[in-house]
Amino acid sequence: GTIEQDSDKIYNFLSDFNNFKNIIPADKVENWDSTQENCSFDVQGVGKANMHIIEKEPGKLVKIEGIVDAMTNISFKMWIQLKEVAQQDTKFKVTMDPQLNPMMQMMAKKPLEEFMNMLVNQIEQFKFPEQ
């Protein structure tokens with residue numbers, strides 16, 4: 001994706017889970033609870049998700065680890081990489097590595113792709129607050 005903002009501003013926003021509620025569609029998520037480093041919420045039709053930030057590199061990277069529905073033990077890692085190509089012009093990439101058995105991977109592929117596309121679109125369209 002591309003955002004017309006400096007990478008530091010985007011990083012400061014994305015490195016705090018309290019801000020994620022602004023980019024996750026309310027019609028897909030319920031019972032949102034967050035701190036700067038952790039969040040939990042219910043995903044309609046999927047179960048409870050818990051995520052925490054495991055690595056940060058200012059202006060460049062936010063790495064997240066999560067688990068969805070502890071009963072099925074679906075876990076994942078997600079990276080949000082930022083690259084400022086010019087002032088007020090930042091490219092970003094969201095990568096997810098789900099830890100699923102082959103059967104679950106086949107069933108989850110399309111919903112995960114839809115989620116990743118939605119997340120990129122939400123980040124691109126978000127109006128970042130002035131600092």
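The values are calculated or read from the model by the stated rules, or taken from the named source; none is laboratory data. In this text the structure is predicted, and so the values were computed from the model without any measurement. A quick note on method: Cβ atoms are made from the backbone with ideal geometry, for glycine too, and the neighbour counts reach across all protein chains shown. Accessible surface areas use protein heavy atoms only, side chains included; no ligands, DNA or RNA. Shrake-Rupley method; radii C 1.70, N 1.55, O 1.52, S 1.80 Å.
Annotations
- Distance histogram for region 62-130 (every C-alpha pair counted, 10 angstrom bins, percent rounded to whole numbers): 16, 45, 26, 11, 2
- Pairwise centroid distance, computed over Cα atoms, of region 1-31 with region 92-106, Å: 21 Å
- Approximate spin-label separation residue 114-residue 75, in nm, with each point projected 7 Å along Cα-to-Cβ: 2.7 nm
- Ligands, DNA and RNA are left out, and with a 1.4 angstrom probe the accessible area of region 33-114 is 63 Å² per residue.
- Cross-link reach is defined here as a Cα-Cα straight distance under 14 Å, omitting same-chain residues fewer than 8 places apart; for residue 56 the aspartates and glutamates meeting it are 8, 16, 37, 65.
- In order along region 62-67, the phi-based Karplus estimate (6.51 cos²θ - 1.76 cosθ + 1.60, θ = phi - 60°) of 3J(HN,Hα) comes to 10, 10, 10, 10, x, 9 Hz; Gly and Pro are listed as x.
- The 3J(HN,Hα) values that the Karplus relation (6.51, -1.76, 1.60; θ = phi - 60°) gives for region 47-55 are, in residue order, x, 7, 10, 10, 9, 8, 7, 10, 7 Hz. Gly and Pro appear as x.
- Against the chain, whose longest principal axis is taken from its Cα atoms, helix 102-125 shows a tilt of about 30°.
- Checking the Cα-Cα distances for 21/91; 48/91; 9/63 against a 26 Å cut-off, the pairs over it are 48/91.
- Estimated distance in nm for a label pair at residue 28 and residue 87, the labels positioned 7 Å out from Cα along Cα-to-Cβ: 3.5 nm
- The chain: relative contact order in percent, alpha carbon pairs under 8 Å with at least 6 residues between: 25 percent
- Simple spin-label estimate for residue 35 and residue 55 gives 2.2 nm between the two label positions (7 Å along the Cα-to-Cβ direction from each Cα).
- Placing +1 on the Cβ of every Lys and Arg and -1 on the Cβ of every Asp and Glu, with no other charges, gives the chain a dipole of roughly 300 debye about its Cα centre.
- Put simply, region 1-61 fits an ellipsoid with semi-axes of 23, 14, 9 Å; these come from the alpha carbon gyration tensor as the roots of five times its eigenvalues, largest first.
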